[in-house]
1. Between residue 33 and residue 135, how many nm apart are label points set 7 Å from Cα along the C-beta direction?
2. Below 15 angstrom from the Cβ of residue 74, what's the summed charge of the other residues (Lys, Arg +1; Asp, Glu -1)?
3. If you rank 23, 129 by fewest surrounding Cβ atoms within 10 Å, what's the result?
4. HN-Hα J couplings of segment 65-74 from phi, Karplus 6.51/-1.76/1.60, θ = phi - 60°, integer Hz, Gly and Pro as x?
Amino acid sequence: MLRFLLVGAVCFTVSTVLNYVLKYTVLTDNPVTALTLAVVFATIVSYFLNREWSFHTRGGRRRLPEATLFFLISGIGVALNSAPLYVSRYWLELEEPHVSRLVQEVADFASGSIIGMLLAMFFRFWAFKRWVFPDELGRSRRGSAPPSDDPVEELGHS
């Protein structure tokens with residue numbers, strides 16, 4: 001879990017910096033698009049870091065099926081990450097001219113970078129452990145055999 005959280009911290013930083021760069025330069029009128037693009041980029045970084053470091057002893061699928069599952073689940077995570085910002089901006093109208101610039105930016109950060117990220121993080125951790133990097137597939141990667149049902153074999157006798 002610690003490695004997953006460290007990868008998350010790196011990707012949180014990547015997505016936050018990229019989000020603000022996009023939001024204040026080329027996507028000034030599209031904060032949800034800026035956040036979505038930033039999270040998609042951070043998700044690509046996350047795949048490589050999680051596969052090679054966080055879950056390196058788990059999994060065992062070939063790379064294409066594993067990556068397909070990872071990005072499918074991450075797509076759901078991107079939607080979960082962006083939804084609170086969308087609600088904040090367009091349903092609750094926490095944007096200029098309805099509120100001050102400061103309130104808008106605090107609401108954007110709280111909804112997109114905190115609430116959305118936490119929703120997506122918990123979902124991805126659960127889904128990655130369950131479907132992308134399941135432990136039963138990781139035994140072959142670690143070089144250990146699956147547990148035996150034979151009580152004699154478990155005692156080290158054959």
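Bear in mind that the values in this text are calculations on the coordinates, not laboratory data. As the structure is a computational prediction, the values presented were derived from the model and not from experiment. A quick note on method: Cβ atoms are made from the backbone with ideal geometry, for glycine too, and the neighbour counts reach across all protein chains shown.
1. 4.5
2. Working: positive: 51, 124, 129, 130; negative: 66.
That sum, taken over residues with Cβ under 15 Å, equals +3.
3. On the way: 23 22, 129 15.
Lowest to highest Cβ neighbour count: 129, 23.
4. These are the phi-based 3J(HN,Hα) values: x, 5, 5, 4, 4, 4, 6, 5, 5, 5 Hz.
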